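The values are calculated or read from the model by the stated rules, or taken from the named source; none is laboratory data. Remember, predicted model here, so these are calculated numbers, not experimental data. Positions of Cβ are generated from backbone atoms using ideal geometry, with glycine treated the same way; all protein chains shown enter the neighbour counts. Side chains are part of the model used for accessible areas, which takes the heavy atoms of the whole protein and leaves out ligands, DNA and RNA. Shrake-Rupley method; radii C 1.70, N 1.55, O 1.52, S 1.80 Å.
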Amino acid sequence: MMTTETGATADPVHLGDSASSIMDKVQEITLEIPQKQLTVEDLRRMREPVKRLVEAGRVLAVQEDQDGPRSARITLQDGQLYLHALLRQPTPAHTLQESEVVGVLEPSCTLAFLDLGWAGSTRGRVTIRLTPDTPLARQFVLLCTGQRGHTYRNTKLLRVWNKGQPWECVVGGDYESNDGKGGAPLLPDLQGQYRESGRAGTVLCFDEPGGPTGAQFTITTRDRQGSDQWFYVFGDVVSGLDVVRAAVKHSNITEVTVVDCGVVLPL
């Protein structure tokens, strides 16, 4: 049996004389939270029953659109909550409204992630700290979460520029045609005040913001020499640059895929 926070006793959970181990039964009891819509505050408090639900993959953020519901996984790793891209998938009982979850991202969402993989497996997570209050950063969040219907998930890395040279970088993010010819901007105006940088791990828009491929992104893998700088910078890799460098060394860069993406919830 379980008691709620108000002290009321929930209905007993009957497990019978099944062959499950004691620990299996304990886990089933602790996951038997009354089916209700969770809140962002439940995630913030992260009490043990909610934590177990998240760890079991039973908490999703749901968005309704004209084609029906889409849902995004919420995962817990190393004490950090991750909101993944919205997908058409079965929705479990424990859900949050995606709009409420995304509401906590504005304007404080500064971390996004790309999971890169090739040869049939995920090779690692690339975490990117975004420059707050820039249109390109806001667009990157939209494409990592899939809020507008389009997402970087399942897109390929497209090309490597200057391989082996000091200004080496890799390009990806064509969510439209996945061949480098697409990736139109999602936002009407991407002009803004952007940094310049010559360091490895810089995330930028290779072409001028607002161009026909303005949603594509570039990640630099080597420092530039001298006073040369990259323009239109909207983020920096804070972990996983080794994953990007390993991808660059792969024999065919177009075999490297963004197998998943999303944002880190600042709860």
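A few notes on this one:
- Residue within region 231-250 that is in a loop (DSSP other than H, G, I, E, B), open to solvent by 60 Å² or more (accessible area, probe 1.4 Å) and either in contact (Cβ under 8 Å) with a residue 12 or more places away in the chain or of a type in the set (Ser, Thr, Tyr) (or both) present: no
- The residues listed here are THR110, THR131; of these, the one that is β-branched (Val, Ile, Thr), open to solvent by 10 Å² or more (accessible area, probe 1.4 Å) and in contact with a Leu (Cβ under 6 Å, 6 or more places away or on another chain) is THR110.
- Remark: ARG45 falls outside the filter, which requires a residue to be open to solvent by 70 Å² or more (accessible area, probe 1.4 Å), free of Cβ contacts under 8 Å to residues at least 40 places away in the same chain and in contact with a helix residue (DSSP H, G or I) (Cβ under 9 Å, 6 or more places away or on another chain).
- Elements of the type strands (runs of 3 or more DSSP E) sitting completely within region 168-222 and holding at least 1 residues that are touching a strand residue (DSSP E or B) at 6+ places or on another chain (Cβ under 8 Å) and of a type in the set (Ser, Thr, Tyr): these cover 195-197, 202-204, 217-220.
- Scanning region 155-166 for any residue that is surrounded by fewer than 18 Cβ atoms within 10 Å (Cβ to Cβ) and aromatic (Phe, Trp, Tyr) turns up at least one such residue.
- Total residues in region 251-261, condition touching a helix residue (DSSP H, G or I) at 6+ places or on another chain (Cβ under 6 Å) and in a strand (DSSP E or B): 1
- Checking TYR194 against (1) on the phi > 0 side of the Ramachandran plot; (2) open to solvent by 20 Å² or more (accessible area, probe 1.4 Å), the condition it does not meet: (1)
- Answer residue from region 107-141, given it is touching a residue at least 12 places away in the same chain (Cβ under 8 Å) and over 17 Å from the mean Cα position of the chain (by Cα) and is farthest from GLN225 (Cα to Cα) among those: ALA119
- Within region 229-255, being modelled with pLDDT of 95 or more, over 19 Å from GLU196 (Cβ atoms) and among the small types (Gly, Ala, Ser) holds for SER239, GLY240, ALA246, ALA247.
- Selection from region 142-183 of residues that are of a type in the set (Val, Ile, Thr) and under 22 Å from the mean Cα position of the chain (by Cα): THR145, THR151, THR155, VAL170, VAL171
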